Amino acid sequence: MSTAYIPLARKYRPPTFAKVVGQEHVTVTLKRAVLSGRAASAYLFCGPRGVGKTTIARILAKALNCEDLKEGEPCGQCTSCMETAAGTSLDVLEIDGASNTGVEDVRQLRETVKLHSAGGRFKVYIIDEVHMLSDSAFNALLKTLEEPPPHVRFVFATTAPQKVLATVVSRCQRFDFSRLTHAQIVAHLQEIAGKEEIPIRAEALHEIARVSEGSLRDALSLLDQMYSFAQGEIGAGDVASVVGVVDRLAIFELGDVLIGGDPAAALTQAAALTEIGREPALILGGLLQHWRDLMIATASADVEGLVSLPDDQLARLKQQAERCPLEECLYILNVLTHAHESARRSTLPRIPLDLALVKIARREQIVSVPQLLAELRGGITPQTTGAAVPARPRANPDSAPKSVPAPPPAPRPASKTQGLQEIQESWPEYLNRLGKVRASFSSYLAEAHPVALEDGVLTVALDERQRFHKETLEGREEKTLLEKLAAAVFGGPVKLKFDLRSDLPSSRKSSQLLESTVKMFQGQILGE
């Protein structure tokens, strides 16, 4: 008769404090409390799922009743330790808070705590998901928590500490458990895979650690699942297929064509991913994570310490980072963030995905803020400085448009500031130039209206719902940039004042202004 299979998460559950992965701030404190005989009457373990809350509660229960305690660790060999590990101990009671939520359940518990332990020194109550108890049940428990019998210890575990009554929390010693790091999960999975002789590649271990989001139990369950699914050596693609995420190698390939400026190839690769069941929001989420890593690789020398990737993928990331300057990374992250949010809410999520891919692949050269300020102070364009801006490389030169887009118009000589009507007519040009520097600012002002000009102060009206945009644009550095660009476009010094209004102008002139602005941006995106 074959022995029943034990899942990895149960088979490799830590038997002692020393075997727990991570959570040293909890295990060291509890071990010392047991050694010194100062264990609290009630503990509250808080943290996300699968990080060791219930496991440590059981180890604590074993240590409190162990007959041969060794430096604060349970021996695992005495009768009490073996019964607790097997779940048959009469002195350790595990209660599911979700199934025992009412006052009557707590009243029964209050009656049982009066009974002495069966054989050990303490009777330990472990209540999982304690936040599921009703307020009346919590209140019925308060008196017992405040003055518990000397032979009773409580351990509460919860994933939602904010739902536990403050009066209950104040009667407990609280420990906040943290998610395990990527490196901790990979190392533990590698150790277990070696013991179980599971053939798995390093990149697959990294992929499992990434999708488990800091939960070691989830990671072990997924490793169990992959061992049953895969035939032969387990690769990262197998993990992506089972979990339904986008393979990291596919993200690298998509990143290559986006950086190279090939929108057709980007759309083709995205279509291939959606055909195998990958949702647009997932693809955009994968690109967001990838460009976050690219930004770090561009901005920091400590890439290895901040980005968790296998060595071969880390080398490839550094190569891509050399082709994507920091300013472009920030711009692309902004585009992907808005597209990801739109795809999650939209009934047609493919549209935000395709729009973002085309916009990134056909992006214009991003000019840094210091470069623009130098240009505005000097009254010249970058082409006249003797240092031409390098053209963005294209993946397929033959597919490049025959006509090269004209450079943005040079700033007007700073003579006499234009009047309000002339400023309104020049507003699309202002937005167009602003979009080449700060695309987000340009989008904030896309539906704004210059409504008044008095003593060199231009009042720009925003919709009353755009309070966040107004506060952002009024920042000191942001406003300085906006006013310097305004001086260049409108022919003289202009101070900007932003005003929130509920009745923005709806005249024909405003409609024509908006239409002209939209056409300008369409021409910029299409390279016309």
Exercise. Taking only pairs six or more apart or across chains, which ones have beta-carbon atoms under 9 Å, a first residue in segment 315-330 that is over 14 Å from Ala301 (Cα atoms), and a second residue that is outside any helix (DSSP H, G or I) and open to solvent by 80 Å² or more (accessible area, probe 1.4 Å)?
Worked result: Arg323/Pro393
For this session: Considering only segment 445-491, state which residues are in contact (Cβ under 8 Å) with a residue 24 or more places away in the chain, more than 21 Å from Gln421 (Cβ to Cβ) and either crowded, with 17+ Cβ neighbours inside 10 Å or in contact with a helix residue (DSSP H, G or I) (Cβ under 7 Å, 6 or more places away or on another chain) (or both).
Result: Gln466, His469, Lys470, Thr472, Leu473, Glu478, Leu481, Lys484
Exercise. Which numbered condition trips up Ser89, out of (1) outside any helix (DSSP H, G or I); (2) within 37 Å of the chain's Cα centre (by Cα); (3) hydroxyl-bearing (Ser, Thr, Tyr)?
Worked result: (2)
Problem set entry | Conditions (1) more than 25 Å from Ala140 (Cβ to Cβ); (2) exposed (fewer than 13 other Cβ atoms within 10 Å of the Cβ); (3) under 41 Å from the mean Cα position of the chain (by Cα); number of the one not met by Ser99 | (1)
Exercise. Any residue at all in segment 503-515 that is over 25 Å from Asp354 (Cα atoms), modelled with pLDDT of 85 or more and surrounded by fewer than 19 Cβ atoms within 10 Å (Cβ to Cβ)?
Worked result: no
Problem set entry | Unmet requirement for His188, which otherwise passes all of (1) touching a residue at least 12 places away in the same chain (Cβ under 8 Å); (2) within 18 Å of Leu220 (Cα to Cα); (3) open to solvent by 40 Å² or more (accessible area, probe 1.4 Å) | (3)
For this session: Determine which member of the set Val257, Val242 is surrounded by fewer than 19 Cβ atoms within 10 Å (Cβ to Cβ), β-branched (Val, Ile, Thr) and assigned to a helix (DSSP H, G or I).
Result: Val242
Seminar exercise, completed: Considering only helices (runs of 4 or more DSSP H) wholly within segment 1-82, the ones with at least 1 residues that are more than 18 Å from Leu220 (Cα to Cα), without any contact (Cβ under 8 Å) to a residue 60 or more places away in the chain and not charged (D, E, K, R) are 24-36, 53-65
Exercise. Taking Arg110 and the conditions (1) within 41 Å of the chain's Cα centre (by Cα); (2) modelled with pLDDT under 90; (3) within 20 Å of Leu145 (Cα to Cα), which numbered condition does it fall short on, given that it satisfies the others?
Worked result: (1)
Exercise. Restricting the search to segment 217-232, which residues are modelled with pLDDT under 90 and open to solvent by 30 Å² or more (accessible area, probe 1.4 Å)?
Worked result: Tyr227, Ser228, Phe229, Gln231, Gly232
Exercise. For the subset of segment 293-316 comprising residues that are open to solvent by 60 Å² or more (accessible area, probe 1.4 Å) and of a type in the set (Asp, Glu), which member is nearest to Leu355 (Cα to Cα)?
Worked result: Asp312
For this session: Return the residue satisfying two criteria in turn: it lies in segment 269-292 and is of a type in the set (D, E, K, R) and farther than 20 Å from Lys359 by Cα, and of such residues it is most open to solvent (accessible area, probe 1.4 Å).
Result: Glu275
For this session: Name the single residue, out of those in segment 104-123 being hydrophobic (A, V, I, L, M, F, W, C) and in a loop (DSSP other than H, G, I, E, B), that is most open to solvent (accessible area, probe 1.4 Å).
Result: Leu115
Exercise. Here are some conditions: (1) open to solvent by less than 40 Å² (accessible area, probe 1.4 Å); (2) closer than 18 Å to Ala57 by Cα. Ile198 meets all but one. Which one does it not meet?
Worked result: (2)
Exercise. Would a scan of segment 387-400 turn up a residue that is outside any loop (DSSP other than H, G, I, E, B), at pLDDT below 85, touching a Leu at 6+ places or on another chain (Cβ under 9 Å) and closer than 29 Å to Leu333 by Cβ?
Worked result: no
For this session: Could you figure out which of (1) out of contact with any Phe, Trp or Tyr (no Cβ under 6 Å at 6 or more places or on another chain); (2) within 25 Å of Ala33 (Cβ to Cβ); (3) surrounded by 19 or more Cβ atoms within 10 Å (Cβ to Cβ); (4) of a type in the set (Val, Ile, Thr) isn't true of Thr79?
Result: (3)
Exercise. Going by the structure shown, is Ile126 open to solvent by 20 Å² or more (accessible area, probe 1.4 Å), at negative phi and either at pLDDT 90 or above or not in a loop (DSSP other than H, G, I, E, B) (or both)?
Worked result: no
Problem set entry | Checklist (1) among the hydrophobic types (A, V, I, L, M, F, W, C); (2) out of contact with any Lys or Arg (no Cβ under 8 Å at 6 or more places or on another chain); (3) buried (at least 20 other Cβ atoms within 10 Å of the Cβ) applied to Val169, failing item | (3)
Problem set entry | Residues satisfying the stated conditions in segment 420-438, i.e. at pLDDT below 85 and open to solvent by less than 30 Å² (accessible area, probe 1.4 Å) | Gly435, Val437
Exercise. So which residues in segment 129-146 are acidic (Asp, Glu) and part of a helix (DSSP H, G or I), if there are any at all?
Worked result: Asp135, Glu146
For this session: Please give the number of the condition Gly214 fails out of (1) crowded, with 17+ Cβ neighbours inside 10 Å; (2) outside any loop (DSSP other than H, G, I, E, B).
Result: (2)
Problem set entry | For Ala301: the one exception among (1) free of Cβ contacts under 8 Å to residues at least 40 places away in the same chain; (2) of a type in the set (A, V, I, L, M); (3) assigned to a helix (DSSP H, G or I) | (3)
Problem set entry | Per-region count, segment 1-19, residues open to solvent by less than 20 Å² (accessible area, probe 1.4 Å) and among the aliphatic types (A, V, I, L, M) | 1
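The values are calculated or read from the model by the stated rules, or taken from the named source; none is laboratory data. Because the structure is a prediction, the values reported are computed rather than measured. Note that each Cβ is placed from the backbone with ideal geometry, even for glycine, and that neighbours are counted across all protein chains shown. For accessibility, only protein heavy atoms count, side chains too; no ligands or nucleic acids. Shrake-Rupley method; radii C 1.70, N 1.55, O 1.52, S 1.80 Å.
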